[in-house]
Each structure stands twice: as structure tokens, then as C-alpha cells.
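Working notes for the structure below.
Nothing in this text is a laboratory measurement; each read-out follows from the coordinates by a stated rule. Keep in mind that what you see is a predicted model, and the values were worked out from it rather than measured. Every residue, glycine among them, receives a Cβ derived from its backbone with ideal geometry; neighbour counts consider all protein chains shown.
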Amino acid sequence: MRFLKNPLHDYPNPSIKRTRSDLRSPYASTNSRTLLIPIATDQLPLRYRIIKRAFDIIVSSLILILILSWLLPLLAIVNGLMGNFPAFFIQNRVGLEGRLFKCYKLRTMPRDRPRVMTKWSETLRRHKLDELPQFVNVLKGEMSIVGPRPHMLSDHEVFSQAIGRQYFDRHRVLPGITGLAQVEGFEGPVQSMDDLNGRIRCDLIYINRWSLWLDIKIIYQTLLLMLKGLMKNAK
């Protein structure tokens with residue numbers, strides 16, 4: 001079940017323009033880059049950015065001290081024993097205003113066998129445990145707990161060519177560990193143009209309708225989805 005039955009209905013905004021896309025795939029030619037989706041204006045107002053940043057610092061600090069201070073070393077040891085060594089890796093991602101930053105993750109594939117996925121690796125990805133080191137990125141101010149997911153450089157190039165100018169509106173806020181698109185069911189590799197459209201649409205709705213309460217609801221829903229996954233996996 002998705003977090004919002006209809007994001008465009010639940011977050012109406014008369015300034016948002018809507019049309020449908022005639023794109024067929026993320027690799028569509030630049031001659032058909034017509035996609036009107038919710039258009040973000042500028043960055044969040046200053047007082048909103050201060051509230052959001054304060055929330056990120058408080059929550060990420062508590063999580064790092066109370067949970068990740070012991071959980072990350074434990075996961076790193078198990079990860080190394082499972083053959084994913086070094087246990088952590090750093091990857092360039094696209095962040096605020098299109099600036100690159102070093103995104104921290106737990107390694108889910110051996111360096112010498114980059115396409116091999118073990119059951120342990122699948123567990124890390126399925127339950128989003130490989131994203132936990134990104135709370136360090138949050139504390140450094142490179143990411144937020146909630147926001148559009150940061151894309152790899154290769155995906156960024158393909159998606160920006162497919163969507164066009166409006167794709168870059170998602171970079172008006174810090175990228176997040178989780179986001180509206182993820183709790184709406186858009187996660188994993190992009191499978192189709194509809195999939196990509198849905199993700200970008202959710203990202204821009206989130207930016208246009210940001211509130212601290214919305215962040216809290218998305219975090220709560222993310223935790224529910226993680227717990228449901230853990231319970232289902234335990235059966």
C-alpha cells in the first residue's frame with residue numbers, strides 16, 4: 001500500500017503544472033523531452049531550512065550515538081567476513097544544487113566480483129541497512145534524513161537527458177536517506193519511464209509541500225516498511 005493514494009490530489013497546488021509524458025524510456029531521444037510535472041520554485045524558505053537542519057542534526061546525532069555507534073561496527077565485521085571487503089565504500093553522488101559529494105554506504109558486492117550478490121548482500125539492500133552510514137553524510141550537511149534520493153553520476157546523466165530542465169528542480173534541497181518516492185513504492189533500479197516520472201513527481205511534490213510533519217510521517221512510514229520487511233523475512 002502506498003503512502004499517499006494520489007500524491008497530486010493529496011497535495012494540491014494551483015501553481016503546479018501537469019501534463020503527461022510522451023517519453024517511452026529513460027533513454028528516449030532529446031527530441032521528445034516534454035514532461036510537465038510539479039515544478040519546484042526556489043529552495044525552501046530560510047526558516048524552513050533552519051528547522052529542517054536542526055531536526056536532521058538532533059535526530060542523526062542521537063541515531064549515531066545510541067544505535068550506529070555499535071551497529072555499524074558489527075555490520076562492518078559481518079560484511080567483511082561475508083567477503084564484502086572493504087566493508088564500506090564511498091561513491092560520488094549528485095547533491096544540493098548539482099554539487100558532487102562523497103556518499104557513504106556499506107559494500108554489498110565484493111570488489112573483485114562487482115556483479116555477485118550474496119544472500120547477505122541482498123539482506124543489506126532489502127532492509128536498507130547499506131544506507132545507514134549516510135547518517136554521517138547528514139551530520140556533515142551533505143544530506144538530509146528525508147529528501148530526494150541522490151543519484152549516481154551515470155543515472156544523473158541519463159535521467160536529466162530524458163526529463164530535461166525540470167529534472168534539476170529536485171536538486172533545490174539536500175538529498176535524503178529516504179523520501180516520499182520511496183514510501184510511495186518507487187525504489188530500486190528505475191524500470192521504465194513511468195517509474196522515473198513517478199519518482200521525480202514525488203520528489204517535486206515533497207519540495208513544494210515540505211513541512212516538518214511531512215518529514216516525520218515519511219520517517220515513520222519508512223520504519224514501518226523496514227519492520228514489515230524484517231518480520232516477513234523472519235517467517
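Rounded to the nearest 20, the size of the Cβ-charge dipole of segment 44-234 about its Cα centre is 200 debye, with Lys and Arg at +1 and Asp and Glu at -1. Positive end of the dipole of segment 44-234 (Cβ unit charges, origin at the Cα centre): among 77, 227, 58, the Cα lying farthest that way belongs to 58. Only Cα sites of segment 179-228 enter the Debye sum here, all with the same form factor; the resulting log10 I(q)/I(0) across q = 0.26 1/Å is -0.98, listed in q order.
Computed from backbone phi, the HN-Hα couplings of segment 156-168 come to 4, 5, 5, 5, 5, 6, 6, 8, x, 4, 5, 4, 6 Hz, rounded to whole numbers (Karplus: 6.51 cos²θ - 1.76 cosθ + 1.60, θ = phi - 60°; Gly and Pro given as x).
The average projected area of segment 44-234, computed from the convex hull of its Cα atoms over all directions, is 10.9 nm². Around the amide H of residue 92, modelled in the peptide plane, lie the amide H atoms of 103, all under 5 Å away and 5 or more residues distant in sequence or on another chain.
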